[in-house]
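Reviewing the structure listed below.
Rule-based calculations on the coordinates, nothing more; no lab input. Note that this is a predicted model, so its numbers are computed, not measured. As a convention, Cβ positions derive from the backbone with ideal geometry for all residues, glycine included, and neighbour counts pool all protein chains shown.
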There are 2 protein chains.
Amino acid sequence: MERILIIGAGLMGSALSVHLANNGHGVNLWGTQWDREIIKEMEDRRYHPALNVDIPENINLFYDDQLEEAFKDARVIIIAVIAKGMRAICQVLKPYFKKGQIILTVSKGLDDDSLHTMSRVVEESLPQGLRGQISIVKLGGPLIAKELAKDTYSEAIFASKDIEAAQYMSILFKSPKFRTSVTEDIDGVEICAAFKNTYAITMGILEGIEGGYSNPKAALMARAVDEMGKIVAAFGGRKETAYGIAGLGDLYVTSLSGRNGRFGQLIGQGKSKDEALRLMDNATVEGLAMTLNGYSFLKALEGEGRINLKEELPLFYQTYQILHQGEGVEKAVEEIWKVD
Amino acid sequence: MERILIIGAGLMGSALSVHLANNGHGVNLWGTQWDREIIKEMEDRRYHPALNVDIPENINLFYDDQLEEAFKDARVIIIAVIAKGMRAICQVLKPYFKKGQIILTVSKGLDDDSLHTMSRVVEESLPQGLRGQISIVKLGGPLIAKELAKDTYSEAIFASKDIEAAQYMSILFKSPKFRTSVTEDIDGVEICAAFKNTYAITMGILEGIEGGYSNPKAALMARAVDEMGKIVAAFGGRKETAYGIAGLGDLYVTSLSGRNGRFGQLIGQGKSKDEALRLMDNATVEGLAMTLNGYSFLKALEGEGRINLKEELPLFYQTYQILHQGEGVEKAVEEIWKVD
């Protein structure tokens with residue numbers, strides 16, 4: 001049994017808590033200032049309404065002002081906040097980082113300012129003396145929080161340059177219905193986790209234009225995986241990572257459900273960005289910010305001669321053109337479908 | 001403009017006719033003895049009821065006793081019969097094969113008797129003097145016939161050892177909404193086209209056990225693509241073929257709809273094979289025969305030391321166990337989910 005601290009009581013943080021508690025571990029679930037209500041509700045009812053599961057006894061709940069207590073005895077720290085909040089939360093956690101800890105990041109995206117991956121943001125936040133003393137692991141793969149909390153069959157991949165740390169996390173998570181694997185390619189997993197949000201929008205756009213058909217979605221799926229492989233390789237990772245659970249697996253889940261796809265559909269039907277967001281009650285569409293960040297990220301790689309955005313990544317490029325340059329969807333899809 | 005002969009007026013043969021006719025080519029669509037009614041209906045009404053499209057004027061229709069006329073002026077021959085009928089139809093066509101023809105095969109599966117791929121069956125049927133004088137091309141990728149006939153956005157890949165023949169077919173097919181690519185890896189495309197039928201059943205089984213969830217399907221999708229890559233490589237093809245439109249693209253389409261998935265679902269819900277087939281009005285489930293053929297095919301590869309079926313292909317192996325060895329689905333899925 002391990003004592004695990006989970007940072008962030010959103011859907012994913014809570015679902016991970018339930019899974020790990022069911023696996024026999026002690027879990028400290030710490031909520032940010034935005035999580036006070038849900039922490040209170042879990043405390044009072046030992047039940048999570050959105051996940052529709054009971055909260056096991058071996059989950060201890062902590063409010064935002066109880067961070068020090070939450071860290072007590074925890075050697076494994078899982079950061080499950082949204083990508084946008086990553087840098088800020090790392091500054092909050094910094095005083096509690098200690099030699100020998102393992103930090104697992106779950107967030108999917110790139111940092112708005114630095115365009116760095118989530119793991120790099122964590123690494124940069126470590127106090128000077130602790131760099132190399134704390135192992136950083138990335139969780140990748142298709143995990144819908146609600147399904148994870150219900151213990152459906154699932155699979156995930158743990159990535160770290162410290163492969164033993166990845167293996168250790170894998171052991172904590174695995175169960176008869178939760179399959180795990182490990183890889184050293186943390187950069188590859190980070191890229192897939194971030195960019196699949198954009199590609200889910202692309203697939204949604206086609207669905208909006210040609211609703212209900214499968215041929216176009218299947219064609220895009222294959223090309224999106226191919227593009228993710230190219231981005232991973234340009235960034236120094238292994239392109240095979242995109243062909244596995246972290247890339248195609250995660251994109252598959254995202255393409256079947258979720259806000260990115262829904263948003264894309266509305267865009268494909270001719271709605272403006274603002275209209276689409278309004279129709280979605282202004283929910284956060286992760287792929288929208290990600291496409292902006294991804295564009296800058298890829299422009300930098302292009303500047304180093306490592307990739308040609310427009311030629312090699314037509315899906316990403318045209319999705320950016322639609323979302324952030326006002327290009328019409330029909331024109332963009334025409335470009336995507338052109339044979340070189 | 002090219003004069004193209006299409007052999008077989010099933011859904012796929014008819015849809016390909018419509019696509020090629022719309023692309024400006026002259027099409028001779030020849031129906032087998034089983035296609036007499038649909039040929040008559042297309043002739044009378046210039047309309048295809050199941051595809052729900054008009055039959056363009058530049059499609060000439062031929063009955064089974066008009067094969068000689070149908071071959072007239074046609075240099076490109078597309079064979080679009082089911083895999084089971086491939087060897088027999090090739091014997092019927094044999095007298096009309098001529099130097100300089102290109103034969104495109106569309107059928108997905110392995111020959112029941114020889115376990116050879118469709119292209120090899122065609123090759124073996126060529127008269128001795130014509131071997132190497134006729135180019136054989138394979139069509140791969142996610143193409144649902146009804147969608148193809150309606151000209152939805154689609155993508156396909158043409159595979160041939162004679163890359164110029166593949167490029168030529170690609171040019172005949174491509175259009176603003178139909179994207180094409182070519183490869184020399186005809187064995188890889190054949191393997192993907194055949195084996196995805198089994199993997200669609202596997203995905204259906206999981207859906208039957210845990211209906212409506214996406215995490216399990218996404219996990220299986222990634223592993224199925226990985227297994228297809230291993231089979232392709234063991235057979236001497238390029239495993240990358242499985243990661244592209246011919247492998248993951250085709251499996252994606254098959255997993256979203258179709259009889260293999262439906263059949264798998266019923267099996268996953270605890271129905272016997274016979275019950276499941278009865279509930280599907282005894283429709284042909286291609287993956288069922290394919291799993292038998294595939295097992296023998298893989299056993300032969302295993303005998304040559306090229307693959308370890310049970311260890312390297314747990315999805316395929318367990319699906320075979322369920323369908324043909326009476327293993328319970330729960331037990332099989334448990335095995336699939338085990339970490340080595």
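Distance between Cα centroids, segment A:184-240 to segment A:1-49: provide it in whole Å.
Going from one Cα centre to the other spans 31 Å.
Net charge within 14 Å of B:Leu115 by Cβ-Cβ distance, Lys/Arg positive one each and Asp/Glu negative one each, not counting B:Leu115 itself?
It works out to a net charge of -4.
If you plug each phi of segment B:109-124 into the Karplus form 6.51 cos²θ - 1.76 cosθ + 1.60 with θ = phi - 60°, what whole-Hz ³J(HN,Hα) values come out, in order, with x for Gly and Pro?
For segment B:109-124, the Karplus curve yields x, 10, 5, 4, 7, 8, 6, 7, 6, 4, 5, 5, 4, 4, 4, 5 Hz.
Just counting partner chain Cβ atoms within 10 Å, what average do the residues of peptide A:150-161 show around their Cβ?
Partner-chain Cβ atoms within 10 Å, mean over residues of A:150-161: 4.
Find, among the residues of chain B, the one whose Cβ sits nearest the axis of the rotation taking B to A; state the distance in whole Å.
In residue-and-Å form, the answer is B:Tyr243, 2.
Give me the inter-chain shielding for A:243-254: mean count of other chain Cβ atoms within 10 Å, whole number please.
For this peptide, the per-residue mean of nearby foreign Cβ atoms is 6.
Can you compute the FRET efficiency between B:Lys94 and B:Lys310 using 1/(1 + (r/R0)^6), with r the Cβ-Cβ distance and R0 = 51 Å? Round to the nearest 0.05.
FRET efficiency, B:Lys94 to B:Lys310: 0.80.
Shortest first and in nm with one decimal, please list how far the A:Asn52 label point sits from its counterparts in the other copies (point 7 Å along Cα→Cβ).
Distances between equivalent label points, in nm: 3.2.
Over what distance in Å are the Cα centres of segment B:258-286 and segment B:290-322 separated?
If you average the Cα positions of each part, the centres end up 22 Å apart.
Taking the mean number of other Cβ atoms within 10 Å as a proxy for protection, how do you rank A:310-320, A:12-22, A:120-130 from highest to lowest?
Ranking the peptides A:310-320, A:12-22, A:120-130 by packing returns A:12-22, A:310-320, A:120-130.
Picking from A:Val329, B:Val329, A:Gly109, whose Cα lies most toward the positive end of the charge dipole for the protein assembly as shown (charges on Cβ: Lys, Arg +1; Asp, Glu -1)?
Of the options given, the answer is A:Gly109.
Rounded to the nearest 5, what % of the DSSP beta bridges within the protein assembly as shown are antiparallel ones?
Here the share of antiparallel DSSP bridges comes out near 20 percent.
What are the nm distances, shortest first, from B:Asp112 to its equivalents in the other copies, labels at 7 Å along Cα→Cβ?
6.4
Using Cα-Cα distances under 8 Å and only pairs 6 or more residues apart, what relative contact order does chain B have, in percent?
After rounding, I find 13 percent.
For segment B:25-40, just list the computed ³J(HN,Hα) in residue order, Karplus coefficients 6.51, -1.76 and 1.60, θ = phi - 60°, integers in Hz, with x standing in for Gly and Pro.
Those phi angles translate into 8, x, 10, 9, 9, 9, x, 6, 4, 7, 9, 4, 4, 6, 4, 4 Hz.
With just the Cα atoms defining each centre, how far is segment A:125-165 from segment B:50-104? Give it in Å.
55 Å
A:Lys40: which aspartates and glutamates have alpha carbons under 12 Å from its alpha carbon, excluding same-chain residues fewer than 8 sequence positions away?
Here the aspartates and glutamates satisfying the reach criterion relative to A:Lys40 are A:Asp64.
Please report, for B:Lys273, the nm distances (one decimal) from its label point, 7 Å out from Cα along the beta-carbon direction, to the equivalent points in the remaining copies, shortest first.
For B:Lys273, the other copies' label points sit at 5.5 nm, shortest first.
Give the average, rounded to an integer, of partner chain Cβ atoms located within 10 angstrom of each Cβ in B:220-232.
4
Going by the alpha-carbon gyration tensor, a ≥ b ≥ c the square roots of its eigenvalues, is chain B rounded (a/c under 1.5) or, if a/c is not under 1.5, prolate (a/b greater than b/c) versus oblate?
The shape class here is prolate.
Kindly state, to the nearest 0.05, the FRET efficiency for B:Asp274 paired with B:Glu68, given R0 = 45 Å and r defined as their beta-carbon distance.
0.55
According to a simple spin-label model (label point 7 Å from Cα along Cα-to-Cβ), what is the distance in nm between B:Glu330 and A:Leu130?
4.6 nm
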